[in-house]
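Below is one structure, written out as structure tokens, with a few remarks after it.
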Amino acid sequence: MKLTGISCLRYKKFKDSTYLPIAPLTIIIGKNGSGKSVISRLPMVLAGSVSLTSQGIIDLNAGGVWHARSLHDLIFERSGLPFSLGATVADSTRNFSFECTLRYVNETKRLAVEIFNLKSGDEELLRLELRNLEELPKVRRTYHLHVQGAERTAEITWHGLLPDIDQLGLTGSEEEIGAIIGEVRAALSMPAYLGPFRAEIVGRGRFPHQGVSSLGPKGERTIDFLADDKLRNSGVVCNDVEKWFTETLGGGIDTDVSGDVPIVQVTASDGRITIDFSDTGAGYSQCLPVVVQNLAAQRGRLDSSMLVVEQPELHLHPAAHGAIADLYIQSAVNGAVCFVETHSEQFISRVRRRIAEGLIPAGSVQLISIDHAEDDEADSEPFRLIEFDDRGQPSCWPYGVFEESLDDFRKLREAARSRGL
């Protein structure tokens, strides 16, 4: 099963009830400060907060990224009102969703679950409700359980956002609900995340342990991954990476593991000059983790099939943005779920082109426009889902997005005419 939707209410910048379906390739756009990162990182928060090892209801450091300074900061305007988080997971035949309503308890500075709903499609499988709010400060609270038309009470503790199955007292046909909760937890594995500022990659690393399957939230383990691949996996991903850089940026990437420590070098297109990776520009350093993330996922070498990335085009010349888009298109076609926040017009243009060329189905792509407005006089919406037809044409477009160059050109012409030029 895979994550196919996320939901929230009164979560950070999003006051109203929000449900966002997730396509194989989901692209997030919006102005600075609109809340794009809140949405792009929500799958990490959910994954970290359903883990059996979660230290609280919500893991503020899920995936190695700090999502808030305090639990109270998770709530819209830091109010005392409850807020909700939820997710939908599905495979080809089944669809399960849960929603967890939470309240911040000021006395204990922690979160407590008020209501939990688990559904199969539109059918409610399980509902837990805390009716006595005086129990909020307690660790174990008495909940009213609604399951298969019956109602009873039980003291429940929580593994993050999901209840402890053993305390639900499920018997007979109810035991299937416990298995479903387990499937939901398994589907919400931690995404392979790359943040907007990748770590500066030096040309020399250290020989890693075997089985490196993650790059780190800043791509800080990229060289470890490449060295492990070269030493113990026939260098399949390394070869893919070298080919991509040679064809796209004109300089191959070589991972040398013959010495005491692995060395990553860049070879010029003519093959005569080799330089240490740390001597290349920022574009190479910011781009390498993004390229490895995709090519490793396509080879099944990452520990997650969901790729989340913020600004994959960072520090790259616009001419290369389309090639980055092609990486995520191929990953999505190969079965990964890609969640991409971008400021790149070229990235989106390449995706639209590939839809028109039939290389990715239109139904496999969606765009989430955060703080969306149709024109300069209309009130903005928290978000708008934008779909594409088979020609790559969007169902709508946010006002002013990627129109800056055209506006500047108009102003340039007006200024020239006003001066008689």
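Quick one: would you say residue 45 is assigned to a helix (DSSP H, G or I), farther than 13 Å from residue 188 by Cα and either touching a residue at least 12 places away in the same chain (Cβ under 8 Å) or among the hydrophobic types (A, V, I, L, M, F, W, C) (or both)? Break it down stepwise before answering.
Values: assigned to a helix (DSSP H, G or I): yes; farther than 13 Å from residue 188 by Cα: no; either touching a residue at least 12 places away in the same chain (Cβ under 8 Å) or among the hydrophobic types (A, V, I, L, M, F, W, C) (or both): yes.
Spelling it out, it is not the case that residue 45 is assigned to a helix (DSSP H, G or I), farther than 13 Å from residue 188 by Cα and either touching a residue at least 12 places away in the same chain (Cβ under 8 Å) or among the hydrophobic types (A, V, I, L, M, F, W, C) (or both).
From the set of residues in segment 109-149 that are among the β-branched types (Val, Ile, Thr) and touching a strand residue (DSSP E or B) at 6+ places or on another chain (Cβ under 8 Å), which is nearest to residue 78 (Cα to Cα)? Don't jump to the end; show me each part of the working.
At the first step, the residues of segment 109-149 found to be among the β-branched types (Val, Ile, Thr) are 113, 115, 139, 142, 147.
Narrowing further to those that are touching a strand residue (DSSP E or B) at 6+ places or on another chain (Cβ under 8 Å): 113, 115, 142, 147.
Values: 113: 17, 115: 20, 142: 27, 147: 33 Å.
That would be 113.
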Which is without any contact (Cβ under 8 Å) to a residue 12 or more places away in the chain and either of a type in the set (Phe, Trp, Tyr) or within 23 Å of residue 192 (Cα to Cα) (or both), of 53, 88, 26, 93? 53
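Considering segment 121-131 alone, what residues qualify as being out of contact with any helix residue (DSSP H, G or I) (no Cβ under 8 Å at 6 or more places or on another chain), hydrophobic (A, V, I, L, M, F, W, C) and part of a strand (DSSP E or B)?
Listed by number, the list holds a single entry, 128.
Residue-wise test of (1) surrounded by 15 or more Cβ atoms within 10 Å (Cβ to Cβ); (2) modelled with pLDDT under 95; (3) not polar (S, T, N, Q).
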| residue | (1), (2), (3) |
| --- | --- |
| 110 | yes, yes, yes |
| 116 | yes, no, yes |
| 127 | yes, no, yes |
| 132 | no, yes, no |
| 136 | yes, yes, yes |
| 171 | no, yes, no |
| 174 | yes, yes, yes |
| 191 | yes, no, yes |
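For segment 80-120, give me every one of the strands (runs of 3 or more DSSP E) that falls completely inside it and has 2 or more residues that are of a type in the set (Ser, Thr, Tyr). Spell out the reasoning first.
Values: elements: 83-90, 95-105, 110-120.
Of the strands (runs of 3 or more DSSP E) lying wholly inside segment 80-120, those with at least 2 residues that are of a type in the set (Ser, Thr, Tyr) span 83-90, 95-105.
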Which condition does residue 66 not pass, out of (1) without any contact (Cβ under 8 Å) to a residue 24 or more places away in the chain; (2) within 17 Å of residue 4 (Cα to Cα), if it passes all the others? (2)
Count, please, the residues in segment 353-387 that happen to be modelled with pLDDT of 95 or more and basic (Lys, Arg). 2
Whether any residue in segment 15-28 is buried (at least 19 other Cβ atoms within 10 Å of the Cβ), modelled with pLDDT of 95 or more and closer than 17 Å to residue 161 by Cα is what I want to check. no
Given (1) touching a Phe, Trp or Tyr at 6+ places or on another chain (Cβ under 8 Å); (2) assigned to a helix (DSSP H, G or I), index of the condition residue 73 fails: (1)
Boolean, residue 16 is touching a residue at least 40 places away in the same chain (Cβ under 8 Å), among the acidic types (Asp, Glu), within 25 Å of residue 336 (Cα to Cα) and not in a helix (DSSP H, G or I): no
Within segment 338-355, take every residue that is closer than 20 Å to residue 383 by Cα and free of Cβ contacts under 8 Å to residues at least 60 places away in the same chain and give me the one that is surrounded by the fewest Cβ atoms within 10 Å (Cβ to Cβ). 345
Scan (1) within 19 Å of residue 99 (Cα to Cα); (2) surrounded by 15 or more Cβ atoms within 10 Å (Cβ to Cβ); (3) in contact with a strand residue (DSSP E or B) (Cβ under 9 Å, 6 or more places away or on another chain) for the single condition residue 230 breaks and write down its number. (1)
Scan segment 349-368 for residues that are over 25 Å from residue 31 (Cβ atoms), in a helix (DSSP H, G or I) and of a type in the set (Gly, Ala, Ser) and jot them down. 356, 362, 363, 364
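Conditions (1) farther than 30 Å from residue 137 by Cα; (2) in contact with a strand residue (DSSP E or B) (Cβ under 7 Å, 6 or more places away or on another chain), marked per residue:
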position	(1), (2)
15	no, no
33	yes, no
41	no, no
86	no, yes
95	yes, yes
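The values are calculated or read from the model by the stated rules, or taken from the named source; none is laboratory data. If you're wondering where the values come from, they're calculated on a predicted model, not measured in any experiment. As a convention, Cβ positions derive from the backbone with ideal geometry for all residues, glycine included, and neighbour counts pool all protein chains shown.
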